[in-house]
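Quick note: the coordinates plus some simple rules give every number you see, no bench work behind them. No experiment lies behind these values; they were computed from the predicted model shown.
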Amino acid sequence: MDRLTIVIFMLLGFSFLFMEEYNFRGISLQTANYPSFKVVGVLIILISLYMLLKYTKTKDEEEIQDEYTICPNCKETFNYDDLKKGKCPYCKDVDTVDIEQYYKDNPEEKEKGN
Ligand SMILES: [Zn+2]
């Protein structure tokens, strides 16, 4: 579910709270006569707020997972989370470096890789 859908859902909840009257095919409904409308409105707003927060959190977690490092010795690339203290598992005690930083410092290596 994308963020826009959640925001529209939340606006629907606010309309339940603040609209005094609904008109649907000539039938008008006074929300004041139906107190449960307000309760449902509050529930919808709370649920959409929760989903909005959860959605944002998931987005951050995805960004952390995309951190790749490269070993300057054997040129293997790794996901940083899979390494112990950022050390290359093949070359003992060799620190891997951030892959973007590595290609910035060694632009010729990138062309070789392609
Ligand atoms: Zn290595």
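To the nearest ten degrees, helix 36-65 and the longest principal axis of the Cα atoms of the chain are 10 degrees apart. Full extension of the segment from residue 15 to residue 94, taken as 0.36 nm per residue of separation minus the current Cα-Cα distance, would add 22.5 nm. Straight Cα distances below 29 angstrom link residue 54 to the lysines 38, with same-chain residues fewer than 8 positions distant left out.
Compared with the dominant principal axis of the Cα atoms in the chain, helix 3-18 is inclined by about 20°.
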